[in-house]
1. Based on what the data block shows, is LEU552 modelled with pLDDT of 95 or more and either in contact with a Phe, Trp or Tyr (Cβ under 8 Å, 6 or more places away or on another chain) or among the charged types (D, E, K, R) (or both)?
2. Within segment 200-216, can you find the residues that are in a helix (DSSP H, G or I), surrounded by 15 or more Cβ atoms within 10 Å (Cβ to Cβ) and either without any contact (Cβ under 8 Å) to a residue 40 or more places away in the chain or over 26 Å from the mean Cα position of the chain (by Cα) (or both)?
3. What is the residue count in segment 370-397 for residues that are under 30 Å from THR529 (Cβ atoms), of a type outside the set (Val, Ile, Thr) and not in a helix (DSSP H, G or I)?
4. For residues in segment 1-41 being of a type in the set (Gly, Ala, Ser) and modelled with pLDDT of 50 or more, which is surrounded by the most Cβ atoms within 10 Å (Cβ to Cβ)?
5. Among the residues that make up segment 462-485, is at least one of them on the phi > 0 side of the Ramachandran plot, within 32 Å of the chain's Cα centre (by Cα) and in contact (Cβ under 8 Å) with a residue 40 or more places away in the chain?
6. State yes or no: is PRO410 touching a Gly at 6+ places or on another chain (Cβ under 6 Å) and either of a type in the set (Ser, Thr, Tyr) or assigned to a helix (DSSP H, G or I) (or both)?
7. Which is surrounded by 14 or more Cβ atoms within 10 Å (Cβ to Cβ), assigned to a helix (DSSP H, G or I) and among the charged types (D, E, K, R), of ARG431, ARG423?
8. As an exercise: evaluate ALA225 against (1) under 30 Å from GLY382 (Cα atoms); (2) buried (at least 21 other Cβ atoms within 10 Å of the Cβ); (3) at pLDDT 95 or above; (4) within 24 Å of the chain's Cα centre (by Cα) and give the number of the one condition it does not meet.
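The values are calculated or read from the model by the stated rules, or taken from the named source; none is laboratory data. All figures in this text were calculated on a predicted structure; none of them were measured in a lab. Every residue, glycine as well, gets a Cβ built from its backbone with ideal geometry; the counts of neighbours run over all protein chains shown.
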Amino acid sequence: MTTIATVAAPALPEPRVRPRYARPALLLIAALAALLYSWDIGDSGYHAFYADAVRSMSLSWKAFFYGSFDPSSSVTLDKLPGYLWPQALTVRLLGFHTWTLLLPQAVEGVLSVLVLHRAVRRWTGEGAALVAAAAFVVTPTVAGLFRTVTEDALFTLLLLLAVDAVQRAASTARLRPLLAAGAWIGLGFQAKMIEAWVALPVFGLVYLVCAPTRLRRRLLHTAAAGVLALAVSLSWMTAVSLTPAADRPYVDGTTDNSVFSMVVGYNFLSRFGGLGVNAASTGSVTAGVGHDAGSTATGTSAGTSGAARTGTRAKAGTADRTERVAAASQDRSGWSKLFVKPLGSQVGWLYPSALAGLVLGLWRRRGRPRTDRQRSGHLLWGGLAGVFLLVFSAGAVDGHTYYLGVVAAPLAALTGAGSTLLRRAHRAGGRAALALPVTVAAGLAWAFAVSREYPGFLPWAWPSALALGLLSAVLLLWERLRPATLRPAAARRIAALGLAAALAATLVSPAAWSASVLSHRYGHSWLGTVGAPALKSTGAHATSGSGVSATLTRRQRELYAYLTAHRDGAEYLMAVESWQQATPYILAEGASVLAVGGYTGLAPTPTAAQLASLVAEGKVRYVLLRHSGHRTAPRASVSTWVHTNCTLVPAAGYGGRSTGGSTDLYSCSNHF
């Protein structure tokens, strides 16, 4: 009997002439990706805090470089700004609209599909590359990822470029592509910080094990690429750290104004509180609690009306801090989170096919030389899937499904490679032919397990997958039996139809979920969530707004007019207690508004003493305070100073309410 180890001939070089179907098929897949990522993006979800930064970065080159929340660069984002640079440039060129915020993500998504296709084609051929590209496009988390203003869209593209370069380096032992991989990872750091380094051990090991050159040269090449990756990664942080604090904005997410505290403590160590990691000594403002987009504050959804209007409505932020901490703790301890609802439905459909591709690929290449190109590809893609699954299982994801694009990419690549191996195994016959039906059956069983968690959502999807799986079994069995009346050409056509049905059975359920983004009901989650779980991040909060809008309300317009008329050359229109209060004025007017406390409200900027200094210098004349509500320590100290030293402005003068209003305006300019 033929075994799996011997069913395939050695890998052949990439053919110089691509099959005639290849280019049209790739264009069709890319067009599907563009449709999913750009459909109705004029009303897609985004987070107002980061939209504020994009607006500010488009107005000032200083704000652009530092990633400032406000045009006057008083405080930075709570992340590195690299992932927003494409958005800021787009807004600077085309104006501020919802679609200009989201268009760069859609472009990054289509480019990611094309780069993935190129990498898999170089590794294992055109057929596998097309399957990988299609599988990537129809993975729900990918469909949601490239419709949101998040770091992970650009990071996924940069990681795929790095993988492609490492793959070339490992097969040729050339330094240049390995250095390119290091540079791509360094740029990925600007988008996603330390998460970009997760791939480095996999890259290094694959090159050290598989590159066709002597060990000493492999070690030198790996070290050179690592140094370059580190240098590019730390370039922006170093530049900011060497700039005097008085000449740059305060670094959000920190108590010590250190960009290293923001990156290492606030955005890395605090994600692993469930493992006993304590970021308290790093200068992070909230050690042990995840603070990604929306974990503690309000997310918004925006829409355009014509070319000049962008409306937003708040979505989340109603849970109190205790509930958030409990949820974050539960998320950190849930090692199975990527296999159960809701995350399993976003990324898990390809687990069986990807595992089959990895196991089958490593099995059939066992005993091959160290430099075997096919095995190195399986080690590379399998290693990436493994390390990212491990990191996300150990750390906090907190419902942010857009994180998982870097998991979906290697799963799709392994699925594509596995489709080729399974096809060859089926053709070889014997026990090896069982690999295909076993994989399809496992995929159908897993799809049923995922689907039954949402019995009311797309109830036809799994039965359709089952029908396709049965059709595949019938066709392949018919072709295998080859009755005497069946001609060889007909047998080949039947086998091709059976294999196509098997592939369709694997992809129909995730494709149906991904297609839900074409529905307004399911397609606008700023968390990148797709399908039934998207209702939690859109429908449940769609009407619980905070009044944040990129088109000012009547009272906000009157307040803006009053402050503009009485600004008297002040740098800031006013100071406010939270970034949410500043949002409408930044988005609608590009106004410089000083927000106390940064994103979480816990960053000590500006302090009461600093606000007093700004008032004395004539940079701030007015402060808008809320009547009630919980105040963090920085906001409480500023509020106390304002109540003690500033004068209440009569509400009638600026369109406010004399009684029953939620805020009061204070004039502080007469104090000095």
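1. It is false that LEU552 is modelled with pLDDT of 95 or more and either in contact with a Phe, Trp or Tyr (Cβ under 8 Å, 6 or more places away or on another chain) or among the charged types (D, E, K, R) (or both).
2. LEU200, GLY204, TYR207, CYS210, listed by residue number.
3. 2
4. ALA33
5. No, that holds for no residue.
6. The answer is no for PRO410.
7. Details: ARG431 fails: surrounded by 14 or more Cβ atoms within 10 Å (Cβ to Cβ).
On inspection, the qualifying residue turns out to be ARG423.
8. It is condition (4) that ALA225 fails.
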